[in-house]
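The values are calculated or read from the model by the stated rules, or taken from the named source; none is laboratory data. Worth saying up front: this structure is predicted, and the values here are computed from it rather than measured. Positions of Cβ are backbone-derived with ideal geometry, glycine not excepted, and every protein chain shown enters the neighbour counts. Only protein heavy atoms, including side chains, enter the accessible area calculation; ligands, DNA and RNA are left aside. Shrake-Rupley method; radii C 1.70, N 1.55, O 1.52, S 1.80 Å.
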Amino acid sequence: MTLAPAFFYLFAFVTVAAGFMVIAAKNPVHAVLFLILAFFNAAGLFVLLGAEFLAMILVVVYVGAVAVLFLFVVMMLDVDFAELRAGFMKNAPLGAFIGLILLAELVLVVGFQMVRPGALAAPSAPIPAPGSGITNAEAIGRVLYTKYVYYFQGAGLILLVAMIGAIVLTLRHKEGVKRQSIAAQVARGKKTAIDVVQVAPGAAIVPPARASQ
Amino acid sequence: MVEVWSWSEIWQGFLWPLLVMAFWSVLLLVVLLVVIAFLLLMDRKVWAAVQMRRGPNVVGPFGLLQSFADLLKFVLKEPLIPAGSDKGVFLLAPVVASVLALAAWAVIPVNEDGWGRWVISNLNVGILYLFAISSLGVYGVIMGGWASNSKYAFLGSLRSAAQMVSYEVSIGFVIITVLLCVGSLNMTDIVNAQKTGIGTRYGLPASALDWYWLALLPMFIVFFISALAETNRPPFDLPEAESELVAGFMVEYSSTPYLLFMLGEYVAITTMCALTTIMFLGGWLPPLSVAPLTWVPGIFWFVGKVVLVFFMFAMVKAFVPRYRYDQLMRLGWKVFLPLSLIMVVAVAGVLHVFDLAP
């Protein structure tokens, strides 16, 4: 178990360094790659906390799907770096203001013991003891599908609405686009696919123009 | 407060566990890579046999050493780095591809018995780890395609990104169906759950009928085809379709970086074969639990089943023509996604109604 602190410092250091590089990197693609590194190390920290289920879900959802789409979009963008940096000084005060609010909130979160002592003392559901043989996938399932089932369903509904919204915004029926109809292709038989003609010797038959496909 | 650690504590706490971990990992990698060298040869031999050719037959007896000759050839050639490329990412991409593919093998159990250690890490969330790692395989491809600064490579990597993200969805649902039947995310538990099943329910001895390939037959087929697409194998090898994109995302690669990409690809294929074996073909369980078959150590059954699945991969490569891109997307989103979603609901319903859920 004494290996755990060494790995904690490794993951924590790389997470912070990668997080810094996300905003410091000049090339947006590099920034996204550093973001992925940060996600990955955060997953490592979850494993050290004993929350291996959350760690794997973090990797599957954020690294495996969300960041791929980020990378996809960023790679397709034609970014003009000079133009990107032009507005830096103009927007700096606003950025600093938002940063300050975030900093204050983070300080409050970290120092919550002073604001409300004993907030962690009573968890809303009993946490299974480490040796009880209950894996944390099971432990999460027990509270997620019983106590928090409505929140869970609500979150699912919001995602569904967002998904339908995205489809509605991008779905356009273009006129004049030829589409493949696999059913029609498979259903083609002898009658519809070939014409058998008897050609008399020395004669020629010009087939009638076929109705369009 | 400063703790002072003595050397023996540091040795026992840090160095010894690290050494043990390193030893097992290196042992696994060496065995795995040698096996893959021969699987690669088998792939080419099967392909050749279908086309009535001899295949590689010059290096060593029956061409057995061909893969090692190829390794030497790749390593000894000069790596070319295009002038317009992003050099760091260009060289990082093949390393990412091969390391991620190899990392998946940390949780794959190849046997279970009283003596010996048959898995590097017996994770409780083993199959989720495998799913996570295999979904990261796309990064090697995207990074390689983008960093090459070439249109063919970029097109190949865009195709690959869309393809792998699409087929991951149905692979995820297939894994969920298997997990519903097992009740655990642990890989060893998944195999052990297949000791009883359809066959034993009717009083037969434990046999191949108990494995999930029969109980979840549609899912087995969906998983096999999705595994082909996820690993960019023919007929779904559109990211590197040589007749359209030269060699897709690998077009600018040469020498050792190219070797690493190919290695990553074949390791990923072997991982998918092992995953198929564990989830649907009963892992290291013998096909029939009677005397002479149960004496055979489980590892032989496991390797035999992996080779069988790999043989199917090789045969598909040999006689199925390449898909068109829109057909590939149609198959993934309009056929496999609804089918696997319905199966998740159906399997959950059957398990609940007949009270079979673990």
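Taking Lys and Arg as +1 and Asp and Glu as -1, the other residues whose beta-carbon sits under 13 Å from that of residue B:44 total +2. Between chain A and chain B, the total buried accessible area stands at approximately 2500 Å², from heavy atoms with a 1.4 Å probe. Over the protein assembly as shown, accessible surface divided per residue gives 59 Å², non-protein components excluded, 1.4 Å probe. Counting alpha carbon pairs within less than 8 Å and at least 6 residues apart, what relative contact order, in whole percent, applies to chain B? Computed over chain B, the figure is 22 percent. For segment B:188-331, the Cβ-based charge dipole about the Cα centre amounts to some 540 debye (Lys, Arg positive; Asp, Glu negative; other atoms uncharged). About the centre of its Cα atoms, the protein assembly as shown shows a dipole size close to 1620 debye [charges on the beta carbon of Lys, Arg (+1) and Asp, Glu (-1) only; nearest 20 debye]. What pairs from A:191/B:334; B:45/B:73; B:87/B:151; A:26/B:151; B:195/B:334; A:147/B:195 go past 27 Å between their alpha carbons? The answer is A:191/B:334; B:195/B:334; A:147/B:195.
When peptides B:170-178, B:80-88 are ranked by their average number of other Cβ atoms within 10 Å per residue, the highest-first order is B:170-178, B:80-88. Two tests apply to each whole DSSP H helix in chain B, Cα reach of 30 Å or more along its axis and mean Kyte-Doolittle hydropathy of at least -0.5, and the ones passing both are B:16-50, B:126-147, B:151-182, B:255-280, B:298-319. Run the accessible area of chain B with a 1.4 Å probe and give the carbon-and-sulfur part as a rounded percent. Its accessible area is 73 percent carbon and sulfur atoms. Taking all Cα pairs closer than 8 Å and separated by 6 or more residues, the relative contact order of segment A:1-77 comes to 29 percent.
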